[in-house]
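One structure below.
The values are calculated or read from the model by the stated rules, or taken from the named source; none is laboratory data. Small disclaimer: the values here were computed from a predicted structure and weren't measured. Positions of Cβ are backbone-derived with ideal geometry, glycine not excepted, and every protein chain shown enters the neighbour counts.
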Amino acid sequence: MTARTVPPTFWRLAADVRPALVVAGLLSAVGGLATVIPAIAAVDLARALAPLARGASGDIDPVRVTVALVVLVVGLSIGNLATGGAYAVSHRADNEFGDRLRRRQIDHLVRLPLDWFGRTPSGAVKKIVQDDVARTHQLIAHVVPDSVGSAVGAVAGLAYVYVLDWRLGLIATIPPAAVAAAFPVMMKDSSQQYARYSRAGADLAAATAELVDGIAPIKMFGLGRRGRDRFGDASRRLVRVYRDWVGQTRIGTALVSTFSSPGFAVAVTAVGSAVLVATAGAAPEAAVATVVLAAAISSPIFQIVQTGSHVHEANGAAAELTDFFAVPGAVEPTDPVVPADSGVGVVGVDFAYRPGRPVLHDVDLHAGSGTVTALVGPSGAGKSTLAAMIPRLVEPDTGRVRLGGADLRQVTDRALYSRIGFVFSESGLLRMSVRDNIASSRPDASDAEVEAAARAAAVHDRITRLPRGYASIIGDDARLSGGERQRVAIARAIIADPSVVVLDEATAHADPDSETQVHRGLARLVHDRGLVVVAHRLHTVVGADQIVVLDAGRIVETGTHRDLLAADGQYAQMWRRYATATELMETPQ
């Protein structure tokens, strides 16, 4: 958790729906008060019909009986209408809050740097976006109408019993007093226990995502037992934490459940009222009203008690959501700058995915407008991280990345992505139509422009063979190979018409036949544009204007292919190893 001067609470997170919850609370309070009206009417009705017990039916006041019956029916109706209205308002508020929260989450997610997703398990992301929002439902939709109506009804009912006879009021106070005494026992260490349970749940979600995401290598390399063991350990840990929590609170929970049950309340008040009627002259109709109201006074108490657990749960979600929203994301500049050209500059950049483990250190680089810059180096040198900084997918810890002389932090996303296109090893296609995927970089593109981009990327013919052509949905009726998906991604970059293109392993998932088509698409994409490419096959960048050699996060050499060979440094060694390996692969065995 990040340090905070003020602990996050759910109510601060849900500030937008507070007015609606106030309305729901008021309606619920009316409903709670209305629950006492039938009991009052019943007592008055009993008093009006009391002459029947003496055989004096002629003394019955029909008007009084009628009024009591009408009041009873009206009270029930008002209670039901007010309570129903409270739930309608609170559920609408819950839906609106959930919608706004999810939209806010998505807006924040798209601004987060790519490295956050790299170090955050997919299970944790799912928990934030889905589970933490779901955990707020009970508090918004139910807690206010449940607890306010129950509390008001219980207090009003108890007050009425005291009005009837203070001695009966004392009897009716016994069950809620017993609940109040047992409540601290049930809630002992609940905050710590809930935090442990929440962490165990997050671990299980991460283990589940890991098992599903890695099912292919698990099956291929016989890692099934290892994968199952991790999942099983996380599942057993969750069970153990829950069992410990239940074990610690079982006595308190049992006491609260017993003391708040209608049966306990009715038994206590029935015995106490009977004693008072027999020995102290309490009015029988008042005693009957006390017994009738006992359940209405006591049964809501457990509902109120449950509010505590819902508040703990929602505040736990609020804490995690607050941490999520506190992660720095890209912020749209208040005084944006327009890049003067397509030159790329990297100045004094340091970066680490984890503290103490630098990936890039003191990197300076300039790629002029319309030039080709190749990033080469051994695996883990930081090439892909550096490339990802140019379209601002990764934010440097220190230093600046510039486009056309403008710091990327001063360039709007719209201006940046209209000038920079990128194609990485993962095509990043979304579950929507092929047409919408291609046009996602330029939503106003016409169908003709989309088709032209697909033709340029050498993927138009394949798209037309799909069941619904360009309307086919990726992942549903559009099943594409790795190379085909990559060509769709290239078409997406082409239609944006960027002035700078960043490529990283753009042919990684392509088979030999498809790779030829991908290269044709790439050739059309980079024509007359600036290019920054992460090169894994050195022969593809021998004509680059500038080759930048990275090793252990530092730039160790810069120059053309000819100059670097003449320098006989690290690049020359890499070239000789690459040439030998290529020759061996091409030599018939």
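All but one of (1) under 17 Å from V533 (Cα atoms); (2) not in a loop (DSSP other than H, G, I, E, B) hold for R392; state the number of the condition that does not hold.
Unmet condition: (2).
Name the pairs whose Cβ atoms lie under 6 Å apart, with the first residue in segment 233-257 and within 25 Å of A202 (Cβ to Cβ), the second of a type in the set (K, R) and crowded, with 16+ Cβ neighbours inside 10 Å, and 6 or more positions between them or separate chains?
That search, which allows pairs on different chains as well, returns V241/R196.
Being over 43 Å from the mean Cα position of the chain (by Cα) and of a type in the set (A, V, I, L, M) narrows it down to one residue among V266, V241; which is it?
V266
Among the residues in segment 374-381, are any part of a loop (DSSP other than H, G, I, E, B), surrounded by 15 or more Cβ atoms within 10 Å (Cβ to Cβ) and either modelled with pLDDT of 80 or more or of a type in the set (F, W, Y) (or both)?
Checking segment 374-381: at least one residue is part of a loop (DSSP other than H, G, I, E, B), surrounded by 15 or more Cβ atoms within 10 Å (Cβ to Cβ) and either modelled with pLDDT of 80 or more or of a type in the set (F, W, Y) (or both).
Which ones in segment 546-574 are without any contact (Cβ under 8 Å) to a residue 60 or more places away in the chain, charged (D, E, K, R), surrounded by fewer than 17 Cβ atoms within 10 Å (Cβ to Cβ) and not in a helix (DSSP H, G or I)?
D568
Tally time: how many residues in segment 354-370 are under 35 Å from the mean Cα position of the chain (by Cα) and surrounded by fewer than 15 Cβ atoms within 10 Å (Cβ to Cβ)?
Going through segment 354-370 one residue at a time, the tally reaches 4.
Do we have A319 as part of a helix (DSSP H, G or I) and in the same structural domain as T136 (by TED's automatic domain parsing) here?
Against the criterion (part of a helix (DSSP H, G or I) and in the same structural domain as T136 (by TED's automatic domain parsing)), A319 qualifies.
Condition first: of a type outside the set (V, I, T), in contact (Cβ under 8 Å) with a residue 40 or more places away in the chain and within 21 Å of V501 (Cβ to Cβ). Now tell me which residues in segment 427-451 satisfy that.
Correct list: S427, G428, L429, L430, N437, A439, S440, S441, R442, A445, E449.
Out of R479, R487, R465, I need the residue that is surrounded by fewer than 22 Cβ atoms within 10 Å (Cβ to Cβ), modelled with pLDDT under 85, basic (K, R) and assigned by TED's automatic domain parsing to the domain that holds R529. Which one?
Going through R479, R487, R465 in turn, the sole match is R479.
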